[in-house]
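The values are calculated or read from the model by the stated rules, or taken from the named source; none is laboratory data. For clarity, every value in this text was computed on a predicted model and none was experimentally measured. Here the Cβ positions follow ideal geometry from the backbone for every residue, glycine too, while neighbour counts run over all protein chains shown. The accessibility values were calculated without ligands, DNA or RNA, using every heavy atom of the protein model including side chains. Shrake-Rupley method; radii C 1.70, N 1.55, O 1.52, S 1.80 Å.
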Amino acid sequence: MIYLDHNATTPIDDRVLEAMLPYLKSFYGNASGLYRLGRLARSAVDTARNQVAELVGASASQVIFTSGGTEANNQALANLEPAAGLAVSAIEHPSILEPTERLRQQGHPVSIIGVDQHGLIRQEAIDEIIRDPKTAWVSIMLANNETGVIQDVTRHAGQLKDHNISLHTDAVQAAGKIPIDFKRLGVQLLSLSSHKIYGPKGAGALVFEKGVRLSPLLLGGGQEQGYRAGTENVAAIVGFGKAAELAKSELDQRNERLSLLNTHLEDGLRSIPGLTIFSEAAPRLPNTVQFGLPNSDGEMLLMKLDQQGIAVSSGSACASGGREPSYVLTAMGVDPVLAQSALRISLGTANTPDQITQFIKLLKALVCQEG
Ligand SMILES: Cc1ncc(COP(=O)(O)O)c(C=O)c1O
């Protein structure tokens, strides 16, 4: 099998699994327990908290473990004071867009921040929400899961801070792919997910600036400084920590390989007549390419590639299965027919140049059959 869908999820790193196993078998204590088994679990969670904090240049006391990126994003939007306004970009993940819609139904004023044809936040849209005195919180993702476009979050955070507006960034796709420095970004909240960085599924984190108003989604035993109750998923947290440590120490090495593979991939794609690489002119993650082919159907191509043992995505994992063109591409003003043909390739550490060659060869053959 050739797996080219690492933005959907990544295989677990062997070293991560190794780190987790003792906490699934021998060290099963509850991290709140005062006896030795409990203290062992607590210490492992503390180590993981440091590792995750270091990945984004924050301190351990700023990290709340969650069940994943979805929960971190939901919690990030749970801080709004009554009637306070929220603005989110049009290309956010559904785990931001859906809670935003609920907040709108509950009476919060909501604005949607538009993007240009490259998928970058429009500065006029930022100016507009700043002029609106109701805007209290904004959410802008650091990197988009479909196009891989990286936003200038540092610049936007500075602009918003000047007007006492707080910013959350969804860094689920950016983590492990580009360097992240929480302080330099200047955001108040940042979301992470373990399974996008070769860690286990079911673990994530919300990183917060000291002093920010935070509301727990889950109430109970007071774990995670009272911000996220529930017995810690120690093994998953340990795995997340190890994955974060590796993502930081191997970032340059991974990116060097990924950039070479990506160049190989994009050169191959450009040799297919009529193919469009979306957001080609924007800063993008080194592992992500989304493209469209005139007169093709993305979903059909995906299925034919799958029959040949190649896994790709036709957009965000959550959107595939539906027949609507990607809302991210729609927000960029991409023609709906071209958007319907979109495929996303997201490379990972185990991919090889030979796999890319095989993919391009098969794609060309399939396109010829269709044409
Ligand atoms: C940008 C982005 N945010 C959030 C999430 C949700 O993360 P999780 O799968 O850990 O809930 C995803 C997952 O695809 C994502 O791509």
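Would the stretch 67-82 turn up any residue that is of a type in the set (S, T, N, Q), within 21 Å of GLY186 (Cβ to Cβ) and either free of Cβ contacts under 8 Å to residues at least 12 places away in the same chain or within 16 Å of the ligand (Cβ to nearest atom) (or both)? Yes - at least one qualifying residue is present in the stretch 67-82.
Remark: SER279 falls outside the filter, which requires a residue to be open to solvent by 20 Å² or more (accessible area, probe 1.4 Å) and either farther than 30 Å from GLN62 by Cβ or not β-branched (Val, Ile, Thr) (or both).
Note on the stretch 244-275: residues that are touching a Pro at 6+ places or on another chain (Cβ under 8 Å) and touching a residue at least 24 places away in the same chain (Cβ under 8 Å) amount to 8.
Take the conditions surrounded by fewer than 20 Cβ atoms within 10 Å (Cβ to Cβ) and at negative phi and apply them to GLU101. Does it pass?
Yes, satisfied.
Can you find even one residue in the stretch 13-24 that is touching a residue at least 24 places away in the same chain (Cβ under 8 Å), within 30 Å of PRO353 (Cα to Cα), β-branched (Val, Ile, Thr) and surrounded by 17 or more Cβ atoms within 10 Å (Cβ to Cβ)? Yes, that holds for at least one residue.
Checking the structure you have, find out if any residue of the stretch 83-91 is over 25 Å from PRO200 (Cα atoms), in contact with a helix residue (DSSP H, G or I) (Cβ under 9 Å, 6 or more places away or on another chain), within 14 Å of the ligand (Cβ to nearest atom) and open to solvent by 20 Å² or more (accessible area, probe 1.4 Å). Looking for residues that are over 25 Å from PRO200 (Cα atoms), in contact with a helix residue (DSSP H, G or I) (Cβ under 9 Å, 6 or more places away or on another chain), within 14 Å of the ligand (Cβ to nearest atom) and open to solvent by 20 Å² or more (accessible area, probe 1.4 Å), one finds at least one in the stretch 83-91, hence yes. Of the residues in the stretch 219-234, at least one is open to solvent by less than 30 Å² (accessible area, probe 1.4 Å), among the aliphatic types (A, V, I, L, M) and not assigned by TED's automatic domain parsing to the domain that holds ARG344.
From the residues in the stretch 130-149 that are among the aliphatic types (A, V, I, L, M) and open to solvent by 20 Å² or more (accessible area, probe 1.4 Å), which one is nearest to the ligand (Cβ to nearest atom)? Of everything passing the filter in the stretch 130-149, ALA136 is nearest to the ligand (Cβ to nearest atom). Scanning the stretch 92-110 for residues that are within 16 Å of the ligand (Cβ to nearest atom) and hydrophobic (A, V, I, L, M, F, W, C) yields ILE96, LEU97. The set of residues from the stretch 150-181 being surrounded by fewer than 23 Cβ atoms within 10 Å (Cβ to Cβ) and farther than 30 Å from LEU343 by Cβ comprises THR154, ARG155, ALA157, GLY158, GLN159, LYS161, ASP162, HIS163, ASN164, ILE165, SER166, ASP181.
Quick check, is GLY220 out of contact with any helix residue (DSSP H, G or I) (no Cβ under 8 Å at 6 or more places or on another chain), without any contact (Cβ under 8 Å) to a residue 24 or more places away in the chain and within 18 Å of GLU71 (Cα to Cα)? Judged against the criteria, GLY220 is a match. CYS318 meets each of the listed conditions (1) under 30 Å from VAL153 (Cα atoms); (2) at pLDDT 95 or above; (3) of a type outside the set (Phe, Trp, Tyr) apart from (2). When we screen ASP116, ASP127 for residues that are loosely packed, with under 15 Cβ neighbours inside 10 Å, away from the ligand (no atom under 16 Å from the Cβ) and acidic (Asp, Glu), the only hit is ASP127. Each residue in the stretch 58-79 was checked for being open to solvent by less than 30 Å² (accessible area, probe 1.4 Å) and either at pLDDT 95 or above or on the phi > 0 side of the Ramachandran plot (or both), and 15 pass.
Considering LEU246, LEU192, LEU185, LEU214, the condition of being within 27 Å of ALA8 (Cα to Cα) and away from the ligand (no atom under 16 Å from the Cβ) is satisfied by LEU246 alone.
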